[in-house]
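The values are calculated or read from the model by the stated rules, or taken from the named source; none is laboratory data. Predicted model, so just to flag it, every value in this text is computed and none were measured. A quick note on method: Cβ atoms are made from the backbone with ideal geometry, for glycine too, and the neighbour counts reach across all protein chains shown.
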Amino acid sequence: MHVTETPPVQAKQDFPALLTIDDLRKDAEVVAFVRQANESLRSLGYTEHGQRHAGLVGHIAENILDRLGFEARTCQLAHMAGYIHDIGNLIHRENHAQSGALMAWPLLRRLGMATDDVALIMNAIGNHEEERGTATTPIAAAVIIADKADVHRSRVQNPDMAQFDIHDRVNYAATRSFVRVLPEDKVIALELEIDTNFAQVIEYFEIFLSRMTMVRQAVQFLDCEFRLIINDVRFS
């Protein structure tokens, strides 16, 4: 009698779960990189680029894409890219976007992120600075907008107001900044409130004009119109 052998049961593979922003936030290496990047900039007199800035940029980037209807994973990747976009500052301020993008590769692969996802995050990090960056993906566009939108007095790290430079004064004067996404109108607006007792609106443009030009390109990449509103006055 012919007996048919039953093929052995294949063992179920354990695929790693998708890396999340919570995984990044509790990873000791990531925390150290974000913290040290800010300490390096603090010693040079720059505004805050630490946990607060990282968390806010990530949150805003995710919210932008979520409001525009992008799939959940794309929104999550924008959050993660925003969270680690400034880690290159621990090496040097110059070319920190490119340094940070290269640093992200071994970090994210160690944590088990898929290569395609790592590539998207590296691209977003490497293109977030106005000197040489351009939005070429929705994730990069969202990170650019979120990063440049963070103008607020809580970023000022100089304790001596008498020693404020123009960046300190403009950031300190900004009492509110908000990125408003209106998907039905295809509009992304940056709303600012500036206390003119500390800085004039014209000073904002003196130091941030190139950033706003970059934001406009990023917003247009997302097929939206950019609006800049300062103290309830629309400038674009």
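Can you say whether residue 228 is of a type outside the set (S, T, N, Q) and in a strand (DSSP E or B), as far as the supplied structure shows? Steps first, please.
On the way: of a type outside the set (S, T, N, Q): yes; in a strand (DSSP E or B): yes.
In short, yes.
Only one of these is charged (D, E, K, R) and crowded, with 19+ Cβ neighbours inside 10 Å: 160, 150. Name it. Break it down into steps so the answer makes sense when it comes.
Details: 160 fails: crowded, with 19+ Cβ neighbours inside 10 Å.
Only one candidate passes the filter, namely 150.
Out of all the residues in segment 40-60, which are in a helix (DSSP H, G or I), more than 17 Å from the chain's Cα centre (by Cα) and loosely packed, with under 15 Cβ neighbours inside 10 Å?
43 - this is the single residue of segment 40-60 that is in a helix (DSSP H, G or I), more than 17 Å from the chain's Cα centre (by Cα) and loosely packed, with under 15 Cβ neighbours inside 10 Å.
How about segment 77-93: which of its residues are under 23 Å from residue 115 (Cβ atoms) and in a helix (DSSP H, G or I)?
77, 78, 79, 80, 81, 82, 83, 87, 88
Can you name the condition, by its number, that residue 192 falls short on among (1) in a helix (DSSP H, G or I); (2) touching a residue at least 24 places away in the same chain (Cβ under 8 Å); (3) over 20 Å from residue 132 (Cα atoms)?
The failed condition is (1).
For segment 173-189, which positions are under 11 Å from residue 230 (Cα atoms), touching a residue at least 40 places away in the same chain (Cβ under 8 Å) and either among the aromatic types (Phe, Trp, Tyr) or outside any strand (DSSP E or B) (or both)?
none
Give the residues of segment 93-128 that are touching a residue at least 40 places away in the same chain (Cβ under 8 Å) and on the phi > 0 side of the Ramachandran plot, sorted by residue number.
Once the filter is applied, which keeps residues that are touching a residue at least 40 places away in the same chain (Cβ under 8 Å) and on the phi > 0 side of the Ramachandran plot, segment 93-128 yields only 112.
Look at residue 211 and say whether it is within 18 Å of the chain's Cα centre (by Cα), part of a helix (DSSP H, G or I), surrounded by 16 or more Cβ atoms within 10 Å (Cβ to Cβ) and not hydrophobic (A, V, I, L, M, F, W, C). Let's see the steps before the verdict.
On the way: within 18 Å of the chain's Cα centre (by Cα): yes; part of a helix (DSSP H, G or I): yes; surrounded by 16 or more Cβ atoms within 10 Å (Cβ to Cβ): yes; not hydrophobic (A, V, I, L, M, F, W, C): yes.
Criteria met by residue 211.
Can you pull out the residues in segment 61-82 that are buried (at least 24 other Cβ atoms within 10 Å of the Cβ) and among the β-branched types (Val, Ile, Thr)?
64
Please tell me if residue 172 is hydroxyl-bearing (Ser, Thr, Tyr), over 22 Å from residue 54 (Cβ atoms) and buried (at least 19 other Cβ atoms within 10 Å of the Cβ).
Values: hydroxyl-bearing (Ser, Thr, Tyr): yes; over 22 Å from residue 54 (Cβ atoms): no; buried (at least 19 other Cβ atoms within 10 Å of the Cβ): yes.
Against the criterion (hydroxyl-bearing (Ser, Thr, Tyr), over 22 Å from residue 54 (Cβ atoms) and buried (at least 19 other Cβ atoms within 10 Å of the Cβ)), residue 172 does not qualify.
Residues that are within 12 Å of the chain's Cα centre (by Cα): list the helices (runs of 4 or more DSSP H) wholly contained in segment 94-157 that include at least 3 such residues. Walk me through it before giving the result.
Numbers: elements: 96-110, 115-126, 138-149.
So the answer is 115-126, 138-149.
Any residue in segment 12-33 that's modelled with pLDDT of 95 or more: show its pairings with residues that are among the charged types (D, E, K, R) at Cβ separation under 7 Å, as long as the two are six or more apart or on different chains.
none
What's the number of the condition residue 178 fails, among (1) closer than 18 Å to residue 58 by Cβ; (2) surrounded by 15 or more Cβ atoms within 10 Å (Cβ to Cβ)?
Among (1) closer than 18 Å to residue 58 by Cβ; (2) surrounded by 15 or more Cβ atoms within 10 Å (Cβ to Cβ), residue 178 violates only (2).
Pull out all pairs, ordered by first then second residue, where Cβ-Cβ is under 8 Å, the residues are six or more apart or on different chains, the first lies in segment 39-66 and is more than 19 Å from residue 129 (Cα to Cα) and in contact (Cβ under 8 Å) with a residue 60 or more places away in the chain, and the second is crowded, with 16+ Cβ neighbours inside 10 Å and aliphatic (A, V, I, L, M).
63/179; 63/181; 65/78; 65/139; 65/142
Kindly establish whether residue 219 is part of a helix (DSSP H, G or I), in contact with a helix residue (DSSP H, G or I) (Cβ under 6 Å, 6 or more places away or on another chain) and within 25 Å of residue 84 (Cβ to Cβ). Explain how you work it out, then say what you get.
Working: part of a helix (DSSP H, G or I): yes; in contact with a helix residue (DSSP H, G or I) (Cβ under 6 Å, 6 or more places away or on another chain): no; within 25 Å of residue 84 (Cβ to Cβ): yes.
No, not satisfied.
Being over 20 Å from residue 65 (Cα atoms) and of a type in the set (D, E, K, R), is that true of even one residue in segment 116-128? Outline the logic, then answer.
Of the residues in segment 116-128, the ones over 20 Å from residue 65 (Cα atoms) are none.
The answer is no, given that none of the residues of segment 116-128 is over 20 Å from residue 65 (Cα atoms) and of a type in the set (D, E, K, R).
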